[in-house]
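Have a look at the structure below before the remarks.
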Amino acid sequence: NSTSYTANAMLNSAYAMYDGRISKNLKAVGGFRFERYGQELKALGQADVKQDNTDVLPSFMLTYSPGKSTNVRLGSSRSVNRPEFRELASYSVFDYDNFVVVRGNPALKRSLITNVDLRYERFPSAGEIMSVSLFYKYFQRPIEQINAGNDVLSYQNADVARTYGAEVEIRKKLDFLSSPVLSDFVFYANASYMIGNVQLNGANFNSPLQGQSPYIVNGSLSYNAKGGTSFSLMYNKVGPRLKFRGVSGGAFNIYEAPRDL
């Protein structure tokens, strides 16, 4: 079948927001975004794909500040993930890197995501932060790449998916060590841990979404001299990510192994 197609998308949106204080120690930010998204795709010998969705996406955040250097934040929002044109185009193409055939799925629908997070943060001094966060995400019809068998990969809406996680962040100047050599250094570290599950074709999989890491670690040591010279040493590592989901019924999943960067 033909590998050429014509496609277009049109997004119209508007939003309203409130940002103000409820009391001396309590601040509220909230509102909603209205989006209307139309998507069309035409390919030779294939039925036209037309999608027209209207979404109201609310969000809010409450910030409680018991002191000048401490915040407790509670936030929630709704977001949307829409299929890409290549995922909707039904033609097949051979992937020479992975030795598989990749085929689109014109029946894909958008995914709606509900996000909730709770965050405690403290600012010891200017440019410093210490924080701990908990978060939860609920996905309706998330788009997953599936293994259709016979070395054919395609895309499908899963039923639902959930992700739970925690994050720790710290940025600290090293001037507290009372050393003139270290006074211009800043240490930074960030780590996240996630667990989740996916329901696909009625079957439950106790694993994160495809491509989602179970953990992420970032670190850096930066130097900023008063004369303008600066340099940074950075480190990153992500956990094993699901690269290809196995065929339903017994095939093995294939993971991308973690590496130090």
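The values are calculated or read from the model by the stated rules, or taken from the named source; none is laboratory data. Nothing here was measured: the structure is a model prediction, and the numbers come from that model. Neighbour counts run over all protein chains shown; Cβ positions are idealised from the backbone, glycine included. These area figures cover heavy atoms from the full protein model, side chains too; ligands, DNA and RNA do not enter into them. Shrake-Rupley method; radii C 1.70, N 1.55, O 1.52, S 1.80 Å.
Tabulated results
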read-out	value
Modelled FRET efficiency - R0 35 Å, residue 230 with residue 114, Cβ distances, 0.05 increments	0.30
Unit charges at the beta carbon, dipole of region 56-115: most positive-side option, 113, 62, 99	62
Computed lengthening from residue 9 to residue 60, 0.36 nm per intervening residue step minus Cα-Cα distance	15.5 nm
Paramagnetic label zone (point 7 Å from Cα along Cα-to-C-beta, residue 81; backbone N under 14 Å) in region 154-172	155-164
Partner lysines for residue 243 [C-alpha distance under 27 Å; skip if fewer than 8 residues away on the same chain]	109, 137
Efficiency of FRET from Cβ geometry, residue 175 and residue 201, R₀ 35 Å, rounded to 0.05	0.05
Cα-based Kirkwood hydrodynamic radius, region 1-84, one decimal, Å	16.1 Å
³J(HN,Hα) computed for each position of region 44-56 - Karplus, 6.51 cos²θ - 1.76 cosθ + 1.60, integer Hz, glycine/proline x	4, x, 10, 5, 5, 9, 9, 10, 9, 10, 10, 10, 10
Computed log₁₀ I(q)/I(0) - Debye formula, equal Cα scatterers, no solvent, region 1-158, q 0.12, 0.13 Å⁻¹	-0.72, -0.79
Zero-based 5 Å bins, Cα pair distances in region 188-261, whole percents	3, 13, 18, 17, 12, 10, 8, 6, 5, 3, 2, 1, 0
CD proxy at 222 nm, helix term only [per DSSP H run n ≥ 4: -39500 (n - 2.57); per residue of the chain; nearest 500]	0 deg cm²/dmol
Equivalent ellipsoid, region 4-52 (semi-axes from 5 times Cα gyration tensor eigenvalues, Å)	44, 8, 7
Max mean-square fluctuation residue, GNM over the chain, Cα-Cα springs under 10 Å, options 106, 58, 124	124
Intensity falloff of region 74-134 expressed as log10 I(q)/I(0), Debye formula with alpha-carbon point scatterers, at q = 0.17, 0.28, 0.29 Å⁻¹	-0.73, -1.08, -1.10
Quarter of Cα convex hull surface for region 156-195, i.e. mean projection, nm²	4.5 nm²
Unit Cα scatterers, Debye sum, region 96-178: log10 I(q)/I(0) for q = 0.13, 0.15, 0.16, 0.18 Å⁻¹	-0.67, -0.73, -0.77, -0.84
Nearest-10 value in Å² for the accessible area of residue 137, using the 1.4 Å probe	70 Å²
Nearby aspartates and glutamates by direct alpha-carbon distance to residue 24 (threshold 20 angstrom, same-chain neighbours under 8 apart not counted)	121
